[in-house]
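Quick notes on the structure that follows.
None of the figures in this text is laboratory data; all of them are computed from the coordinates on show. Predicted model only: the values in this text are computed from it and were never measured. Heads up, the Cβs are rebuilt from the backbone with ideal geometry, glycines too, and the neighbour counts pull from every protein chain shown.
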Amino acid sequence: MNKKQLEEQMIENYKREEHMMILVFAQWCINHDLDPAALYHAAYPDQPNNAALQQALDLTVSKEEAGEVADGTVLGVLSLFGNEELAFIVTQEIDKRNKRNR
């Protein structure tokens, strides 16, 4: 494998992993009755609609069908990809949920 092929493979791997991160975020939102697009917009108000998020939403299932996505999991994958602003918004939603459940 030459250098160009290796670079292309690394880019494709990153894109697949990024799409998985977006899917984890979207499913976590669905599981907690939150709008993924609204949370994304709250974190990144200057960005237009995210096409990858729209694609991920097509792959989500109802919360009744979905497995649990732990809070720590969604925060971990967001941080791994440098989505600190979105992780902050997610943390705020977790705090709101915890206050309601007290």
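Can you tell me which of 91-100, 21-30, 74-83 comes out highest on packing, and rank the rest after it, using the mean Cβ neighbours within 10 Å?
The most tightly packed comes first, giving 21-30, 74-83, 91-100.
Figure legend: label point modelled 7 angstrom from the Cα of Tyr14 along Cα→Cβ; residues of the range 68-87 with amide N under 17 Å from it are 78-84.
Over all other residues within a Cβ to Cβ distance under 13 Å of Tyr40, the charged ones net out to -4, with Lys and Arg as +1 and Asp and Glu as -1. If one computes the Cα centroid of the range 20-39 and of the range 51-102, what distance in Å separates the two points? Taking the Cα centre of each part, the range 20-39 and the range 51-102 sit 5 Å apart. Go ahead and run the numbers for FRET between Thr73 and Leu6, Cβ-Cβ distance against an R0 of 30 Å, rounding to 0.05. The calculated FRET efficiency here is 0.50. Summing Lys and Arg as +1 and Asp and Glu as -1 over all other residues whose Cβ lies under 11 Å from the Cβ of Ile30 gives a net charge of -3. Charged neighbours of Val90, selected by a Cβ distance under 11 Å, balance to -3 (K, R count +1; D, E count -1). The helix-only estimate of mean residue ellipticity at 222 nm for the chain, built from DSSP H runs of length n ≥ 4 each weighted as -39500 (n - 2.57), is -23500 deg cm²/dmol after division by the residue total.
Extending 7 Å from the Cα toward the beta-carbon at both Gln92 and Ala42 defines two label points whose distance is 0.5 nm.
Note: relative contact order over the chain, using C-alpha pairs below 8 Å and six or more positions apart, is 32 percent. Once both labels are positioned 7 Å from their Cα atoms along Cα-to-Cβ, the gap between Glu64 and Glu84 label points is 4.1 nm.
Counting only residues at least eight positions apart within a chain, or on another chain, the lysines with an alpha carbon under 29 Å from that of Lys96 are Lys63.
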